[in-house]
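First up is the structure itself, then whatever we jot down about it.
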Amino acid sequence: MHAIVIAGGLGTRLRPLTFNRPKALVPLLNRPQVLHILDRLPKEIDEVFVAVNYMYDRVRDFFSEADLGRRVHVIEEKTPLGTAGAVKNAASRIDGTFAVYNGDVIDSLDFTTFLAFHRKQKALATLALYEVQDPSAFGVVGMEGSRITRFVEKPAPGEAPSRLINAGHYLFEPEILDRIPAGREVSMEREVFPALAATGLHGFPFDGYWSDAGTLDGYLAATRILLANGGAAVHPGAKLSKARIDGAVLVPEGAEVSGRLGPDVVMGARCRVDCATVSNSVLLEGASIEAGAVVRGSIIGEDSSVGPGATVEDSIVGDGVRVRKARRVVQERMA
């Protein structure tokens, strides 16, 4: 069975991190986030096509060196083709029922149950669905039984047909490819799904966890989810000195910690927290937090530093950035 992972976007919502790396390779628990998706694919999916436009060479080179136990091919989009155009671009390689996964989703979807539902319904297309409190930022469905009768992308507040959102995982029969125009950018969410809702679109709601890791809030939520589901650890080779660890954290070998760490913190290799406080945040490789600094709800890029007494909150600090002593950074993107 084949799967397509849509990973071609610019990752604008995670800038400035994505100025230096494609979104698929942004670290999530110190591994490229696309690997978390591939890890959950069942064995029957033995061939995966990763659709990429932005930084294609970086993604191609990464997969050429990775041994993942299945065949992975990186397909280049010469120009951005959209979420449906990326699938159409792989049409010549697809045979039989196939899966499509958005490249920035972390969830607990059981693929085997999902596939059994799709086949029982004899569906042309089946969407995985997840219930959220506020669906206005997502594609939202209206349903009759298992049929999706409406698909509305990012409805205005109060106008959503339900709280069931498009969870970014699909099962398609190959005939779906005939519904996607070739040679131009095509949106699955704004063109294909609304049209299919009138003829043959089914929905599969699931429970558990779900997060879109393509935004700061979603990325940190995905981090919390993965930490809570087996990802937390403090390596015996980590250097802890008068450190207070609160809740789930990931501290790798060689990382240095004093001060207060957690809850929900991931440190990359070579990171240092020196008599500082870090919570609900991710420190990428080589980041350092100096004495008296506070970091909350943020991502600190590779080889960046937060100076003594500085505060970084609800922000993304890019690679190689120095936050000056005592500076306060709130809801910013620093490059």
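The values are calculated or read from the model by the stated rules, or taken from the named source; none is laboratory data. These figures come from a predicted structure and were not determined experimentally. All Cβ positions, glycine included, derive from the backbone under ideal geometry; neighbour counts span all protein chains shown. What goes into the accessible areas is simple: the full protein's heavy atoms, side chains included, and nothing from ligands, DNA or RNA. Shrake-Rupley method; radii C 1.70, N 1.55, O 1.52, S 1.80 Å.
Descriptive notes on the structure:
- Number of residues in segment 91-111 that are open to solvent by less than 40 Å² (accessible area, probe 1.4 Å), closer than 30 Å to Gly208 by Cα and not β-branched (Val, Ile, Thr): the value is 11.
- Segment 247-258, subset in a strand (DSSP E or B) and more than 25 Å from the chain's Cα centre (by Cα), residue farthest from Leu29 (Cα to Cα): Ser258
- Restricting segment 60-90 to residues that are in contact with a strand residue (DSSP E or B) (Cβ under 7 Å, 6 or more places away or on another chain) and among the acidic types (Asp, Glu), the residue that is least open to solvent (accessible area, probe 1.4 Å): Glu77
- Tally, over segment 201-217, of residues that are at pLDDT below 95 and either in contact with a His (Cβ under 9 Å, 6 or more places away or on another chain) or open to solvent by less than 10 Å² (accessible area, probe 1.4 Å) (or both): 4
- Considering only residues in segment 9-43 that are β-branched (Val, Ile, Thr) and surrounded by 23 or more Cβ atoms within 10 Å (Cβ to Cβ), the one that is farthest from Ala99 (Cα to Cα) turns out to be Val34.
- Residues of segment 223-246 satisfying the condition of being open to solvent by 60 Å² or more (accessible area, probe 1.4 Å), in a helix (DSSP H, G or I) and of a type in the set (S, T, N, Q): Asn229
- Taken over segment 122-134, the residue count meeting the criterion of being open to solvent by 60 Å² or more (accessible area, probe 1.4 Å) and under 24 Å from Pro174 (Cα atoms) is 1.
- Index of the failed condition, Pro205 passing every other in (1) in contact (Cβ under 8 Å) with a residue 60 or more places away in the chain; (2) within 21 Å of Gln33 (Cβ to Cβ): (2)
- Residue in segment 15-30 that is touching a residue at least 40 places away in the same chain (Cβ under 8 Å) and charged (D, E, K, R) present: yes
- Failed item in (1) at pLDDT 95 or above; (2) closer than 19 Å to Phe206 by Cβ, with Phe98 passing the rest: (2)
- Per-region count, segment 135-165, residues modelled with pLDDT of 90 or more, open to solvent by 60 Å² or more (accessible area, probe 1.4 Å) and assigned to a loop (DSSP other than H, G, I, E, B): 3
- Qualifying position, being modelled with pLDDT under 90 and either open to solvent by 30 Å² or more (accessible area, probe 1.4 Å) or under 12 Å from Asp104 (Cβ atoms) (or both), among Asp57, Asp46: Asp46
- The number of residues in segment 166-191 being open to solvent by 40 Å² or more (accessible area, probe 1.4 Å), assigned to a helix (DSSP H, G or I) and of a type in the set (Asp, Glu) comes to 3.
- Close pairs from segment 68-97: first within 15 Å of Met1 (Cβ to Cβ), partner open to solvent by 50 Å² or more (accessible area, probe 1.4 Å) and not aliphatic (A, V, I, L, M), Cβ under 6 Å, at least 6 apart: Arg70/Asp46
- Checked against the criterion of being closer than 21 Å to Thr112 by Cβ, over 19 Å from the mean Cα position of the chain (by Cα) and in contact (Cβ under 8 Å) with a residue 40 or more places away in the chain, segment 48-61 has no qualifying residue.
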